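Read-outs throughout are calculated quantities, based only on the coordinates presented, and are distinct from any laboratory measurement. Please read these numbers as outputs of a predicted model, since none were measured by experiment. Note that we place each Cβ from the backbone using ideal geometry, even for glycine, and neighbour counts take in every protein chain shown.
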Amino acid sequence: MKTVFTHGSLFDGKSEHLKEGVNVVITDNKVTDIFTGDFSAEGFDQVIDITGKTIMPGLIDSHVHVSQSAPIPVLAVMRNDEFAIRSARYAEEMLMRGFTTIRDAGGETVGLKTCIDNGMVKGPRIYPSNAMISQTCGHADVRCYYSDEVWHGVHTAPLMRTGMFVTCDGVPEVLKTVRQQLFLGASQIKIMASGGMASYFDPLYTTQFTLEEMKAAVQAAADYGTYVMAHIYTPAAMHRAAEAGVMSFEHATLMDEDNAKEIQDKGIWVCVCPQFGGNGGLPVHHSKGRPTLLGSTPNKAKPTLEMMKKGLEHEAELINKYHLKFLFGTDVIREECAQDEPADRQLADLHRFNYYFGSYESLKAITGNFNEVVKMTTYQNPYPDGKIGLLEKDSYADLLVVEGNPLENVEILCDVNNMKLIMKDGTIYKNTL
Ligand SMILES: [Zn+2]
């Protein structure tokens, strides 16, 4: 199958200016040629005139949990079949928002990814981390109440049984747990390195995993040619993770000047998840301090939200000041609990990125930068045959045709109606041209 898009304006995922009058040739699932000037329709199965439109790489959300199709307390009481069906629906919704690739920052995604890759269901490419790995009492310890609920080696706590979360302590257990995720097909490893907001037993300022444990995770990942990404908020945790060799800091909201220098020095990626710019990602229901199975969260979330908002502003200043490498991530959860957030915060977060970083840097963060991150996955890369996040020769045919110039204003992408055509892996999923 050979398709050509003709006479468009091209954003290639990294250049500061559009290239005008461009023809893009797709052969099967790859970009095989890009040229300007006249062309002959001969030899093409499909000619799509995109005069006046911009053609660009498909979007990439580098921090999302596609199997988290509901708030955590709801997931805890969900049947497995419901869990799976909802994840599939959530994945399709992401694709139809223009996200042709996601990096899953932890969850039960291997079966879903297989079904998407086989064409059984629609969805983006998935770079899976599999389970979120945490120490006991850490950010992924989602047992309910204060009980230790393991029966014949199996958790009785419903969330621990989903496969989305796993706890381990000490170097041998960390090694084994990381290797288990690699066995299941993780393209990178996700650990929890500091406390969190919407979790029960780990205050925000806790540092999680010892240096030796973190180093063990990094070593086990490195031996399989890949890297570790860490949920991380605080300066102390960032310092430790940098020393251990963690290469992707998720959130990094409370970064200080020393952290920024260290991140720059070691070439660590920062995946900015600006959910604290609004109320997104934070459940609105609060119990009286006691975690329960349904509809409650720790009281710590509310008072610290203002602090996190300020932290985010400061983080953005440091990223700009030190020219840190950063990615677009949303950490969006389907059916956001906070009522003032739109269901599609995944795109709406581009408003915030534009505010902090401007259109060009935001566009690279949501497209071409990811191609650099993919290189860190080497032989764990599930999609090794083409470039991702770029639109050039030998890229996968993952692309959008949009109304307007996103380099002038990236926020045109917040409106899905501006996406006239969505193609992933050479297949067109939307075409309103
Ligand atoms: Zn997350």
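Angle between the Cα long axis of helix 345-366 and the longest principal axis of the chain, 0 to 90 degrees, nearest 10? With both axes taken from Cα atoms, the answer is about 70 degrees. Relative to the longest principal axis of the Cα atoms of the chain, helix 171-183 runs at roughly 30 degrees. Along each principal axis, taking the top coordinate minus the bottom one, the Cα set of region 59-341 gives 47, 44, 42 Å in descending order. When only alpha carbons are used to place a centre, region 148-215 and region 23-55 end up 47 Å from one another.
With 0.36 nm allotted per residue and the present C-alpha distance subtracted, the residue 305-residue 205 stretch has 34.6 nm of extension available. Per-residue 3J(HN,Hα) values for region 134-142, derived from phi via the Karplus relation 6.51 cos²θ - 1.76 cosθ + 1.60 with θ = phi - 60°, read 9, 6, 4, 6, x, 5, 9, 8, 10 Hz in sequence order (x marks Gly and Pro). Of all aspartates and glutamates in the structure, those lying under 17 Å Cα to Cα from residue 387, and not within fewer than 8 positions of it along the same chain, are 12, 28, 33, 61, 117, 372, 398, 425.
Under 20 °C and 1.002 mPa s, how fast does region 121-194 diffuse according to Stokes-Einstein, given a Kirkwood radius computed over C-alpha pairs? Answer in µm²/s, whole number. For these conditions, the coefficient is 163 µm²/s.
Highest GNM mean-square fluctuation among 330, 51, 167, for the chain modelled with Cα contacts below 10 Å: 51.
Quick one: which of 214-221, 409-416 comes out on top by average Cβ neighbours within 10 Å, and what's the full order, highest first?
Numbers: 214-221: 22.9, 409-416: 17.8.
Listed from highest to lowest mean packing, they are 214-221, 409-416.
The angle between the Cα long axis of helix 301-322 and the main principal axis of the chain comes to about 50°, on a 0 to 90 degree scale.
Run through the DSSP bridge list for the chain and note the antiparallel percent, rounded to the nearest 5. Working shown, then result.
Details: 29 of 62 bridges.
So the antiparallel bridges in the chain amount to around 45 percent.
Based on DSSP H segments of at least four residues, each scored -39500 (n - 2.57), the chain has a per-residue ellipticity at 222 nm of -9500 deg cm²/dmol.
Counting residues in region 23-138 as N, plug N into 2.2 N^0.38 Å and put the Cα Rg over that result.
Numbers: Rg = 18.8 Å, N = 116, 2.2 N^0.38 = 13.4 Å.
Rg over 2.2 N^0.38 Å, computed on Cα atoms: 1.40.
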